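Taking it in order: structure first as structure tokens, then the write-up.
The values are calculated or read from the model by the stated rules, or taken from the named source; none is laboratory data. Keep in mind it's a predicted model, so treat the numbers as computed, not measured. Neighbour counts are summed over all protein chains in view; Cβ atoms, including those assigned to glycine, are modelled from backbone coordinates with ideal geometry.
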Amino acid sequence: MTEYAKPIPVPQPESERYWEAARREELWLRSCLDCKQAYFYPRDICPNCHSRNTDWIRSSGKGTIYTFAIVHRAPHPGFGPDAPYITAIVELDDGPRIPTNIVGVDPKPENLDIGMPVQVVFEKITDEITLPKFKLA
Amino acid sequence: MPVMSKLKAISGSAEIVGVAESDRLGKLPNRSALQLHAEAADNALADAGIPMSDVDGFLTAGYSTYDVAEYLGIEPRFTDSTIVGGSSFVIHIAHAMAAIQAGYCEVALITHGQSGRSDRARAAMNRGLPAAQYEAPYGILGPPVSYSMAARRYMHEYGEDRTRQALAEIAVSTRKWANMNEMAYMHDETMSFDDYHNSRWISWPFHLFDCCLVTDAGAAIVVTTPERAKNARKGGVKVLGVGEGHDHSMISQMQDLTLPFGRHTGPQALEMAGITHSDLDLTMIYDSFTYTVLVTLESLGFCGPGEGPDFVADQRTAPGGDFPLNTNGGGLSYTHPGMYGIFTVIEAVRQLRGETGERQIKNRNLAMAHGTGGNLSSTGTVILSRD
């Protein structure tokens with residue numbers, strides 16, 4: 001087993017619960033108690049209405065592909081063995097958009113399209129960090 | 001909100017009197033980034049006929065102003081290290097004008113220097129940033145990945161084939177301009193449509209030729225009062241309109257991937273200048289990628305959403321076309337050290353002065369220079385006038 005060579009998230013005070021949930025294979029989002037909108041990424045202040053009256057909600061983990069790319073030239077040596085790989089922005093059914101990878105599909109343009117339904121999957125990369133990724137639903 | 005009456009009152013109250021690149025551009029492993037700042041500063045002040053000792057306002061991005069000012073041996077009384085990516089140096093023009101107008105300084109120097117190609121000490125990403133937590137772990141790292149995701153969305157909304165053709169038109173027309181600029185990295189290399197379509201994938205839907213160069217380069221601009229501009233070696237080019245701002249940092253936080261912030265800064269700069277799109281003789285748009293140009297033309301209001309492919313069709317933006325665009329050869333084919341924005345202004349000033357030789361445009365009264373920074377995150381627009 002070779003060492004994990006890609007960038008590893010370092011949880012920050014406002015994101016510890018997000019990464020803790022991911023470790024349990026759950027996707028949690030922040031949600032505003034005033035404007036009632038869920039948002040990504042986790043922070044204590046709502047980026048939509050600027051209220052600090054916010055909470056956490058569990059996401060269904062379902063969404064659709066908002067956009068994607070197929071990366072051939074790895075921007076970091078850690079991704080060299082993966083290229084070509086699929087990056088995407090997924091629009092969650094809960095509202096917010098989340099940056100991610102689409103996994104479990106041959107990375108060719110004809111296999112993917114904007115609007116395709118996707119479902120969260122979890123990839124454990126270290127004892128502390130598990131990354132939410134998505135597969136075609 | 002910006003107060004248009006106040007902006008209009010300072011329109012034309014500062015002038016660009018000096019512009020220059022570093023001595024050379026391209027692959028310069030024996031020049032540090034700070035050396036490139038210094039070369040360009042010296043060259044731009046020589047262009048203006050103003051000694052370094054007269055500089056009392058200093059602006060740069062990438063480094064703190066105190067690092068570069070110390071290197072140059074200057075003690076500015078106005079200092080601005082605003083860093084919002086490649087648009088920063090265009091935004092610095094506006095800040096220099098505001099500072100001059102408010103009395104902070106009389107001679108503002110803006111410098112740029114980056115060894116994008118040869119850097120020996122590249123900085124790591126701040127690991128506390130959201131991008132380090134939520135994008136980098138997925139390989140959403142660096143502009144080609146984020147801009148290509150935006151371009152894929154555009155294709156979905158407005159048609160893949162016509163978008164592809166537009167990207168090719170922009171790559172090919174920009175190369176033609178570079179073939180007329182001796183300073184351009186690609187001066188000696190032509191590009192056909194086949195060359196474009198056959199170039200390798202970097203981040204689908206981007207080919208290699210959708211992406212800007214990676215070079216070493218420095219650049220500098222001198223901005224001063226209309227009074228001092230009268231005695232400058234080549235006179236002054238007036239700053240008539242400005243606009244700046246941003247609406248996100250990470251690409252995944254961009255609300256509409258087909259409508260960047262130029263939607264605000266373009267109209268503001270034009271209104272402040274008291275002109276419309278059709279008054280412009282030259283448009284310089286930061287071309288980090290072919291897509292950046294396409295979507296920026298729309299956001300600035302040269303055409304409507306989704307109309308960019310028709311706007312750039314049939315090599316309209318190439319030499320001989322009726323919409324001269326990026327006449328230096330752009331970030332795509334002239335130089336792109338990382339934060340290219342300052343070079344849009346330099347070419348605009350040279351075109352307005354009539355000193356661009358083979359690629360000189362005929363009418364040369366009004367130009368727009370527009371920078372984009374980050375992940376389609378920030379924009380800065382300036383309107384420049386010969387008179």
* **Flag for B:G116 being more than 23 Å from B:A269 (Cα to Cα), in contact (Cβ under 8 Å) with a residue 60 or more places away in the chain and surrounded by 16 or more Cβ atoms within 10 Å (Cβ to Cβ)** => yes
* To do: Might you let me know whether the stretch B:322-330 holds any residue that is in a strand (DSSP E or B) and among the aliphatic types (A, V, I, L, M)?
  => yes
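Test of understanding: among A:I57, A:I102, which residue is touching a residue at least 24 places away in the same chain (Cβ under 8 Å) and crowded, with 17+ Cβ neighbours inside 10 Å?
On the way: A:I57 fails: crowded, with 17+ Cβ neighbours inside 10 Å.
So the residue among A:I57, A:I102 that is touching a residue at least 24 places away in the same chain (Cβ under 8 Å) and crowded, with 17+ Cβ neighbours inside 10 Å is A:I102.
Kindly state which helices (runs of 4 or more DSSP H) lie completely within the stretch B:61-174 and contain at least 3 residues that are of a type in the set (S, T, Y) and within 12 Å of another protein chain (Cβ to nearest Cβ). If you could, list the steps in order and put the result at the bottom.
Numbers: elements: B:65-72, B:88-102, B:130-134, B:143-158.
Fully inside the stretch B:61-174 and qualifying: B:143-158.
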* Asked: If you scan the stretch B:13-30, which residues turn out to be part of a loop (DSSP other than H, G, I, E, B) and surrounded by 20 or more Cβ atoms within 10 Å (Cβ to Cβ)?
  -> B:A14, B:S22, B:L25, B:L28
* Which condition number does B:V223 fail, the rest of (1) in contact with an Asp or Glu (Cβ under 9 Å, 6 or more places away or on another chain); (2) within 22 Å of B:Q360 (Cβ to Cβ) being met? -> (2)
* Taking the stretch B:253-307 as the search range and keeping residues that are in contact with a strand residue (DSSP E or B) (Cβ under 7 Å, 6 or more places away or on another chain) and of a type in the set (S, T, N, Q), which one is farthest from B:T335 (Cα to Cα)? -> B:Q268
* Any idea which of (1) buried (at least 20 other Cβ atoms within 10 Å of the Cβ); (2) within 22 Å of the chain's Cα centre (by Cα); (3) closer than 30 Å to B:F311 by Cα is the one B:H95 doesn't satisfy? -> (3)
* Of all residues in the stretch B:225-246, count the ones that are crowded, with 24+ Cβ neighbours inside 10 Å, under 16 Å from the mean Cα position of the chain (by Cα) and not β-branched (V, I, T). => 3
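Does A:D94 satisfy the criteria of being farther than 20 Å from B:N375 by Cα, in contact with a Gly (Cβ under 9 Å, 6 or more places away or on another chain) and outside any strand (DSSP E or B)? I'd like the intermediate steps shown before the answer.
Numbers: farther than 20 Å from B:N375 by Cα: yes; in contact with a Gly (Cβ under 9 Å, 6 or more places away or on another chain): yes; outside any strand (DSSP E or B): yes.
Here the answer is yes, as A:D94 does meet what is asked.
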* Go through the residues of the stretch B:250-261 one by one and say whether even a single one is within 14 Å of another protein chain (Cβ to nearest Cβ) and either under 30 Å from B:T190 (Cβ atoms) or among the aromatic types (F, W, Y) (or both). => no
* To do: Quick one: which residue in B:I275, B:I251 is among the aliphatic types (A, V, I, L, M), modelled with pLDDT of 95 or more and buried (at least 20 other Cβ atoms within 10 Å of the Cβ)?
  => B:I251
* Determine, yes or no, whether B:M191 is buried (at least 19 other Cβ atoms within 10 Å of the Cβ), within 14 Å of chain A (Cβ to nearest Cβ) and of a type in the set (A, V, I, L, M). => no
* **Identity of the residue in the stretch A:1-21, touching a residue at least 40 places away in the same chain (Cβ under 8 Å) and within 11 Å of chain B (Cβ to nearest Cβ), that ends up surrounded by the most Cβ atoms within 10 Å (Cβ to Cβ)** => A:P9
* Asked: Among (1) surrounded by fewer than 19 Cβ atoms within 10 Å (Cβ to Cβ); (2) touching a residue at least 40 places away in the same chain (Cβ under 8 Å); (3) closer than 30 Å to A:H72 by Cβ, where does B:G86 come up short?
  -> (1)
* To do: Could you list all residues from the stretch A:105-118 that are in a strand (DSSP E or B) and surrounded by 14 or more Cβ atoms within 10 Å (Cβ to Cβ)?
  => A:V118
* Asked: Take the residues of the stretch B:374-387 that are in contact with a helix residue (DSSP H, G or I) (Cβ under 6 Å, 6 or more places away or on another chain) and not in a loop (DSSP other than H, G, I, E, B): which is farthest from B:K234 (Cα to Cα)?
  -> B:T379
* Taking B:V222 as the residue in question, decide whether it is within 21 Å of the chain's Cα centre (by Cα), away from chain A (no Cβ under 14 Å), aliphatic (A, V, I, L, M) and within 30 Å of B:M52 (Cβ to Cβ). => yes
* Asked: If we keep just the residues of the stretch B:284-305 that are in contact (Cβ under 8 Å) with a residue 24 or more places away in the chain and small (G, A, S), which is surrounded by the most Cβ atoms within 10 Å (Cβ to Cβ)?
  -> B:S288
* Structure fact -> The correct count of residues that are among the aliphatic types (A, V, I, L, M), in contact with a His (Cβ under 7 Å, 6 or more places away or on another chain) and more than 14 Å from chain A (Cβ to nearest Cβ) in the stretch B:194-219 is 2
